[in-house]
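Remarks on the structure that follows.
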Amino acid sequence: MNTLEAVRLALQSLWANKLRSVLTLLGVVIAVATIIAVVTFVNGINGFVAGKIFNLGADVFILSKAPNVITNIDEWEANQKRKDFTYEDFLTLQEACTQCKNVGASAYMSNVRVKYGEQNSDDSMARGWSSGMTAIYDLELRSGRALNDTDVTLGSNVAVIGADIADKLMGGVDPLDKEIRVNGQVYRVIGVGKPRGKALGQSMDNWVVVPITSWFKQFGSQHIALKIWGKGYGVGSPMEAAMDQVRVLTRSLRHDQPGLPDSFVIETNQSFLSLWSNLSGTFFLVAIVLAAVSLVVGGVVIMNIMLVSVTERTREIGIRKALGARASDVRQQFLIESSMLALVGGALGILFGIAVAKTVTAMIGMPSEVKLWTVLVGLMLALVVGIFFGVYPAQKAARLEPIAALRFEL
């Protein structure tokens, strides 16, 4: 019996028992769909995080008193005891860092109230920036201008706004030179940022940037996590030289004793990406373990169904052997049937997983990206499960004696 003939007979057998085949497929469908959906989300979020969230550039670093992400309470309590960075620290580093192309400072407050006329938003983010932050953050403007040194020096009440505020609060009106209120304080709009879309369902365009001196006048400097940003003259050695100089200057500013650890952290784009990679890797591993359990369950179901099929077709096997079919032909027939069953389940699982991922993306904006290798891996896993769990039933069918099989009655 050639392979094509075996495939045709396998498909006929599966089609003849449609309901049983569908129920058998569920385990494999769920397992493969889980793998495809998780990998699709991880791929999409990894690309999104690298491209839109941690897009600092390879020559940018951030100086702060504590890491952006803290994983245990003891570390959090220890970091809270550290001194905050001050605006004077920023000015000192800005003047003293000769290895830095640019030095900036930023602070932020979430859930502020932005109002224009009768329209308002209660969940916007207010950012206080020095003039250098526009270049460091690589902020692109749709219209108007960015903050400059004069705005910061004078503490002017001017603001650059995100696209959401311009479009939703000030829709139909040219935002430039219009006045908005940020927690009651009046600011004149001088620029509008280009839209950046959503991250995990949250808008990245619902913000207001004001001079950091104006920000401190309005919100104060107590209990505010000021961050100092640095930009080197290039990647590699220039970047390392800038970070080393900032580390030495900062230890001196904070009076860190020789031999003791830094009372601050310096983080780069790679630091954030490595952290995210570890988190996403853990999430991916947990999902794969759950999917593996589903695959095993699906494989056991396939094996049970194939054993039932062997029992139901014992006389058929006896007739084939009596007509000259070899044990290898029978074994091949049942292995192909179990493989086809698993492959069909794998294909349905891939389609279902992609559909789930894209539906979630459409509903809440969670990034997803389908890659060819994930589809191939899904099909390969299904095929391996089908072959592995089909070996025993196929062997049992191949070992049947023709005479005993012909005498068999259900």
- Note on the structure: Per the filter on region 67-124, residues over 27 Å from residue 230 (Cβ atoms) and either part of a loop (DSSP other than H, G, I, E, B) or of a type in the set (Asp, Glu) (or both) are 72, 74, 77, 117, 118, 122, 123
- Task: State all residues of region 340-354 that are of a type outside the set (A, V, I, L, M, F, W, C) and over 16 Å from residue 39 (Cα atoms); if no residue qualifies, say none.
- Result: 345
- Note on the structure: Selection from region 135-172 of residues under 30 Å from the mean Cα position of the chain (by Cα), assigned to a strand (DSSP E or B) and surrounded by fewer than 18 Cβ atoms within 10 Å (Cβ to Cβ) yields 141, 142
- Task: Go through region 95-130 and give me each residue that's touching a strand residue (DSSP E or B) at 6+ places or on another chain (Cβ under 8 Å) and within 23 Å of residue 257 (Cα to Cα).
- Result: 97
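Within region 299-344, can you find the residues that are of a type in the set (Asp, Glu), surrounded by fewer than 22 Cβ atoms within 10 Å (Cβ to Cβ) and in contact (Cβ under 8 Å) with a residue 12 or more places away in the chain?
Those that are of a type in the set (Asp, Glu), surrounded by fewer than 22 Cβ atoms within 10 Å (Cβ to Cβ) and in contact (Cβ under 8 Å) with a residue 12 or more places away in the chain: 312, 329.
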- Query: Can you name the residue in region 125-134 that is part of a strand (DSSP E or B) and small (Gly, Ala, Ser) and is also farthest from residue 228 (Cα to Cα) among such residues?
  - Reply: 126
- Task: For region 88-102, state whether one or more residues are over 20 Å from residue 213 (Cα atoms), over 32 Å from the mean Cα position of the chain (by Cα), surrounded by fewer than 17 Cβ atoms within 10 Å (Cβ to Cβ) and among the acidic types (Asp, Glu).
- Result: no
- Exclusive hit being of a type outside the set (Lys, Arg), modelled with pLDDT of 80 or more and buried (at least 20 other Cβ atoms within 10 Å of the Cβ), set 230, 236: 230
- Which listed residue, of 372, 400, 379, 348, is at negative phi, surrounded by fewer than 16 Cβ atoms within 10 Å (Cβ to Cβ) and among the aliphatic types (A, V, I, L, M): 372
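The values are calculated or read from the model by the stated rules, or taken from the named source; none is laboratory data. Keep in mind that what you see is a predicted model, and the values were worked out from it rather than measured. No Cβ is skipped: glycine too gets one built from the backbone with ideal geometry, and neighbour counts run over all protein chains shown.
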